[in-house]
Amino acid sequence: SEISDLERTRESMARELVNLSTINEKLQYQTQNYPILNEQYKELEKRYNALLTMYGEKQEEADELRLDLADVKTLYRAQMSLSDSYSCRLSIYSSLEKLFSPNPTIPYPSHVYIHGNNNTGKSTIIKHVLNQYKHTILWFDCRHLLYLLFKLNELTLGYFHHTLILIGHQPFYQLPHMNQIEVELGVLTPTTIFIPAYTRTEIVTILQNILTQQQDILPSSISQLHIIIELALQIFYTVTNDLVELKDMITMCIKDFLRNTTKNQINDDGTNNDYRMLYQKEFFMQVLNSVYTRSMSIRKFLHTHTADEETTDNSSQISTINNNNTRDLPLSAKFLLIAIYLATQNPIKYDRMLYDKQSQGKKSRRAKIMHKRTQLESSKIEYLPLSSNKPILLNRLLAIYCSLQGDTIPLTTQIYTQLSLLTSMRLIEFVGSSNETGIFNLNEPKYRCTSSSDYIRRLAASIDFKIDDLILV
């Protein structure tokens, strides 16, 4: 047994000896190759450091080029001529250029009045003209300083040579205090320039130029941009033609479309069929509702909503719209609401005296006394409830509305659209006829004002309409 144990021990020691010899041979081979491997590692480390240095230099060059490109874009946009951005306003631009171009024999005009709808390029054209000739410009809100501004030449004894440029939305003869200024100061009617609203073709051209610069769109994608603008206008143009609102909404359309096209694959023929997805977005339905009811501004809506997720409290905001003081109704809807309020407050026998242009200024002594008494009472009471809430005939409502808006405002189907809008917002109520059957008479519809007197007065103040001058009782 001891011999067998010794044999097993000898065999195990022989195997260990063989393993040790094998390990010894490997170590000798690795020791021979170590200097070569060490040199290769040092060379790779040097190449890596060189590549890292080159990458840093290229990154700095790329950053410098990016900054240079931004500076070039800024200079280009600053020096861009009016014909590149607003080519449809060249005739108006040339007229203003003739008025304000330096001429030693012809003085500058004393007063210029420019009027038109919102966001039609009035201030932009004036800035281009005045900056071209390097005139000194002072911009300020002059709604409460009109009388003083027209008297500025007299106050400075003629030593302050200036040109008063007024920019507004209404025609000059509809501005408040204009008759008083003309009578007391004898000021001549200023040079009036009307800037019309953009047509649909002009809006497409302007939006295409603006969005191409803002979004850095490649020339190969301009046709794609044109298609997106046309599709978005099919949705929103019937509701609003405001250039700023359309630009904000179409910018969101482009961002959403580009985000979807990066996720989806393009067909073999090179065309993309995702344009129809624009009509299926719940986001655009909410934008459309916000634009139509003016429950909030488009810029505020786009800041609080995205194309992929919408805030859940949007419905609660729209449900409490009647208590929202910042709501912005269309101008025609505001005048309709003021007209139905005036029809509710004043008896029908005073309509000719109040709203007939030929009979204005012929108030009786009793009417003036009642008007003065109403002004004193309304100044003491912050909230004045409706004195009567009788239904008003549609014909009388439209007659008062036309008198408030002016003779140049035509009656179109848009008026009935605004009536349905005010009814859906519960600012007015459709009550039909006054018969006992309770059936609505569509030939003689009637409306009742459900808005508070305090809200109507704030609404009139927002458009500079003096409602107290037309309230007798």
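Considering only Cα-Cα distances, which of the following residue pairs are longer than 19 Å: K122/K334; K334/K466; K134/K247; K151/K466; K98/K127?
In this structure, K122/K334; K134/K247; K151/K466 exceed 19 Å between Cα atoms.
What shape does the stretch 100-175 take by its C-alpha gyration tensor, where a ≥ b ≥ c are the square roots of the eigenvalues and a/c under 1.5 counts as rounded, a/b above b/c as prolate, and the rest as oblate?
Note, shape of the stretch 100-175 comes out oblate.
Could you list V18, V244 so that the one with the fewest beta carbons within 10 Å of its beta carbon is first and the one with the most is last?
Taking fewest neighbouring Cβ atoms as first place, the list is V18, V244.
Rule-based calculations on the coordinates, nothing more; no lab input. Just so you know, these numbers come straight off a predicted model, no measurement behind them. We place every Cβ from the backbone using ideal geometry, glycine too, and count neighbours over all the protein chains shown.
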